[in-house]
Amino acid sequence: MKEVDLEAVGLRHVSKRFGSHQAVDDLSLSVPEGSVYGFIGPNGSGKTTTIRMILHIISADAGEIEVLGSVSTRANSDQVGYLPEERGLYKKMTVRRQLAYYASLKGMTARAAHLAIDDWLERFELSPWGHRKIEALSKGMAQKIQFISAAIAKPKLLILDEPFTGLDPVNLEVLRKAILELNKQGTTVIFSTHDMAMAERLCDFIFMIYEGRKVLDGTLETIQQQYGEDTVRLEIDGGSRLLEGLPEVERILDQGNYQEVTPSGDPQALLKALVQKTRVKRFELARPSLHDIFLRIAGPEAQEGQAQ
Amino acid sequence: MRKVFSVMRTEYLNSVRSKGFLIGLAMLPLIIGFTVLAQVMTRDKADLSDRTFAVVDRSGRLFSIIEQKAAERNSEAIYRTDDGGGKKQIRPRFLPVVYDETQAEDKQLQLELSERVRQDKLFAFLIIGAKAIDGKGDEAARIAYFTQTQTYTQLPNWLKSVLNAEIKRIRFSEAGIDKGLVESLSRSVNFKELGLVKVSGEGELIEAEEKNDAVTYGVPFATMFLLFMLVMMSCPTLLNTVLEEKMQRISELLISSVSPFQLMLGKILGAVCLSLTLSVLYVGAAIGMLWYFELSRLVPWSMYLWFGTFLLLALFMYGSVFAGIGAVCSEMKDAQSLMTPAMILIMLPLFCWQPVLQSPNSAFSTWVSLFPPATPMMMMLRLATSPGPPAWQVALSLVVTVTFTLGCVWAGAKIFRIGILSYGQTPTLGRLVRWIVSG
């Protein structure tokens, strides 16, 4: 992990309500400069609202938001790049004109924008498409153009709302590399995602919001430490079917080729019970994955528990 | 301001590079050209079928003159002589036939003849009362024309004119008055419509000019109509682009870079540039034509200045209204229902330009030209119509319109700011008012 000290984004006791729905509730957050910060949370939990407040697209009802040293103003909007969840491109405009327009809105001169467009299109192997209209592009290509429009002005802060949705593994890797490249050059990256594995791989910090409230915030390591080594990764003949109904098992997360199990008591008791029933190929005490943590907080069981 | 310029530039270039711009550009001259062409082409397309009509002449003295005048007309007046000297029929023949059943009862006769008209054996019929020449009394003094094609007015008008002239002639003759004397004394008066005399800078008297219909009616109407067309060609487009950006979720991205007010202002300025481009082309063409035909004196230069001023005010006023409407809607059908009241306001001058042109300084003209949504077009119409409005009214109209336009931009910006990111809410007037008064 990189060394970080200054704050790129700071939220202090921020709240936002839409009618009777409390979208964000007393949220405080500090995104260090130069970090990659992952926003996770179920749909409708307040991720996009938080992002929009950081961008001053909507204003907070209460609290203070500081972006690149500027408190509650749009003063630094030229230094912030944004890729929205719902893609926004003019279908009838050519790729180059579109990118030039977005670059000009970020204060770039026409010449600088021209050079940057050349560079980005080449990097994403989209040079032959520069004079084509957006409507002629595939979904993956349009997604890359959308990313370029967010990154073209070399922002100090890049906010990406679900950047990997709908991308094939090749394009996903291209985009991931581009994000890391920008981060290496000093850009702070905030991105929201539903892909927990990607969040684990890419993020220095992870923040989880659930029903408008912060439920996790920290490095993956610190988050996992909160839960301790309470998970057993198992690979057994017979799969998850054999685990159902065992009194030694509290919950099972079936990952297909292996299972993540939370024992109800001593893991040794579980191992003993399993050995009596089947052949155990893997029995590993581990910290829970981000995916598992997410489900423990926002999964159906957690919701049932809350309801009770 | 740099960002406003970027939005304006993109908005403008998107518009002028589209096919719609070229179509729109050609639309006005095409409409005018097509109207003229249609008139020329349909001029010779009149229904030339014979108009046979029965005449029941109870006076016993008028059918012969109708027959004679119809024969004269059918031999000359229905033809047009072209440049080569050839004749071409352009009007139908009128063929009177006498109907002898003069003794039949009136109602029975009318029914019988009506039936013949229905069967297309006749086009119309005329019943001339026994005392028609005297003209005194009721039924017997009446001349009645019956037809089922009441929209065709050439025949009854011709009959009216022929019978009027003949009956007057008979009356004068029976009174022993010389026909030549009557004609001489009945000649038309020498009536001229003039403007006012002026005094030149050197103190010389400038004679009053004769009334010129092109100046009196053509210039004011053309000026107002051009203003209307320029607003119509740019402001509704603004609604479409705002709505398109909202539907394609581009607005959110733009709002992350520019404030909603900057975005709206840039868009309105783009529409202003588009409109100015069109007006430079149209007004330039008009100036060129006036110069070519040596008619430049018909439109004083101050008129172009007023035109530019009121065009700008109208564009900002309606531009902010249409941008606001585009921002609150999420679908085209919502926009269409909200557009209707705005369109009625824009079209208001088209409903009341005639009384204003007739009496440009009446109370009605004054009030309607001081009603801000109609002011740009109505005041322009009054300015182009002699004698022109008093200076205080022009000044007041400017103050009122500038204030109202600023109000529209302010309200439009408030609606735009909230509406541009609101989805799934049906726009209602109440909601719009709430957005305007909200902080």
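In the list A:159, A:179, which residue meets the criterion of being more than 14 Å from chain B (Cβ to nearest Cβ), open to solvent by less than 20 Å² (accessible area, probe 1.4 Å) and under 16 Å from the mean Cα position of the chain (by Cα)?
None of the other options fit; the residue is A:179.
Of A:235, A:244, all but one fail to be open to solvent by 40 Å² or more (accessible area, probe 1.4 Å), in a loop (DSSP other than H, G, I, E, B) and not aliphatic (A, V, I, L, M); the exception is A:244.
Yes or no: residue A:24 farther than 18 Å from residue B:263 by Cα, crowded, with 22+ Cβ neighbours inside 10 Å and away from chain B (no Cβ under 14 Å)? So residue A:24 passes the test.
Please pick out the residue among A:132, A:97, A:74 that is of a type in the set (D, E, K, R), over 20 Å from the mean Cα position of the chain (by Cα) and farther than 30 Å from residue B:16 by Cα.
Numbers: A:132 fails: farther than 30 Å from residue B:16 by Cα; A:97 fails: farther than 30 Å from residue B:16 by Cα.
Result: A:74 is the single residue among A:132, A:97, A:74 that is of a type in the set (D, E, K, R), over 20 Å from the mean Cα position of the chain (by Cα) and farther than 30 Å from residue B:16 by Cα.
Yes/no matrix, rows are residues, columns are (1) at pLDDT 90 or above; (2) more than 20 Å from residue B:262 (Cα to Cα); (3) among the aromatic types (Phe, Trp, Tyr); (4) outside the structural domain of residue A:163 (by TED's automatic domain parsing):
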| site | (1), (2), (3), (4) |
| --- | --- |
| A:63 | yes, yes, no, no |
| A:78 | no, no, no, no |
| A:114 | yes, yes, no, no |
| A:121 | yes, yes, no, no |
| A:124 | no, yes, yes, no |
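Within the range A:92-119, the set of residues being more than 10 Å from chain B (Cβ to nearest Cβ) and open to solvent by less than 10 Å² (accessible area, probe 1.4 Å) comprises A:95, A:99, A:113, A:117. All of B:192, B:160 fail the test of being charged (D, E, K, R), at pLDDT below 90 and open to solvent by 80 Å² or more (accessible area, probe 1.4 Å), apart from B:192.
Only one entry of B:330, B:386, B:362, B:320 meets the criterion of being surrounded by fewer than 16 Cβ atoms within 10 Å (Cβ to Cβ) and in contact with a Gly (Cβ under 8 Å, 6 or more places away or on another chain), and that entry is B:386.
Mind telling me which of the residues B:23, B:78, B:32 ends up being out of contact with any His (no Cβ under 8 Å at 6 or more places or on another chain), away from chain A (no Cβ under 14 Å) and open to solvent by less than 50 Å² (accessible area, probe 1.4 Å)? Even if it seems obvious, please write down each step before you answer.
On the way: B:23 fails: open to solvent by less than 50 Å² (accessible area, probe 1.4 Å); B:32 fails: open to solvent by less than 50 Å² (accessible area, probe 1.4 Å).
Only one candidate qualifies: B:78.
Listed conditions (1) crowded, with 19+ Cβ neighbours inside 10 Å; (2) among the hydroxyl-bearing types (Ser, Thr, Tyr); (3) modelled with pLDDT of 90 or more are all met by residue B:114, apart from (1).
Report the residue count in the range B:362-384 for those that are out of contact with any Leu (no Cβ under 6 Å at 6 or more places or on another chain) and under 20 Å from residue B:299 (Cα atoms).
Start the filter on the range B:362-384 by keeping residues that are out of contact with any Leu (no Cβ under 6 Å at 6 or more places or on another chain), which leaves B:362-372, B:375, B:378-379, B:381-384.
If we keep only those that are under 20 Å from residue B:299 (Cα atoms) as well, we get B:378-379, B:381-384.
Adding up the residues that qualify gives 6.
When every residue of the range B:36-59 is checked against the conditions, none turns out to be within 14 Å of chain A (Cβ to nearest Cβ) and in a helix (DSSP H, G or I). Checking each residue in the range A:75-88 for being assigned to a loop (DSSP other than H, G, I, E, B), open to solvent by less than 40 Å² (accessible area, probe 1.4 Å) and within 7 Å of another protein chain (Cβ to nearest Cβ) picks out A:84, A:88. When residues of the range B:207-253 are filtered for being open to solvent by 20 Å² or more (accessible area, probe 1.4 Å) and under 30 Å from residue A:159 (Cβ atoms), how many remain? Total satisfying the criteria: 6.
State whether one or more residues within the range A:53-64 are hydrophobic (A, V, I, L, M, F, W, C), in a strand (DSSP E or B), under 17 Å from the mean Cα position of the chain (by Cα) and more than 13 Å from chain B (Cβ to nearest Cβ). So that I can check it myself, show each step before the final result.
Initially, the range A:53-64 is screened for residues hydrophobic (A, V, I, L, M, F, W, C), giving A:53-55, A:57-58, A:60, A:62.
Those still in the list that are in a strand (DSSP E or B) too: A:62.
Still in the list and also under 17 Å from the mean Cα position of the chain (by Cα): none.
No, because not a single residue in the range A:53-64 is hydrophobic (A, V, I, L, M, F, W, C), in a strand (DSSP E or B), under 17 Å from the mean Cα position of the chain (by Cα) and more than 13 Å from chain B (Cβ to nearest Cβ).
In a residue-by-residue description of the range A:168-175, the property of being open to solvent by 40 Å² or more (accessible area, probe 1.4 Å), free of Cβ contacts under 8 Å to residues at least 40 places away in the same chain and aliphatic (A, V, I, L, M) applies to at least one position.
Counting only helices (runs of 4 or more DSSP H) that sit completely within the range B:222-331, those holding 3 or more residues that are within 14 Å of chain A (Cβ to nearest Cβ) correspond to B:250-255, B:260-292.
The residues in the range B:254-273 that are out of contact with any helix residue (DSSP H, G or I) (no Cβ under 6 Å at 6 or more places or on another chain) and open to solvent by 10 Å² or more (accessible area, probe 1.4 Å) can be counted, and the count is 1.
The values are calculated or read from the model by the stated rules, or taken from the named source; none is laboratory data. A quick note: this is a predicted structure, and the numbers were derived from the prediction, not measured. Positions of Cβ are backbone-derived with ideal geometry, glycine not excepted, and every protein chain shown enters the neighbour counts. Calculation scope for accessible area: heavy atoms of the full protein, side chains included, ligands and nucleic acids excluded. Shrake-Rupley method; radii C 1.70, N 1.55, O 1.52, S 1.80 Å.
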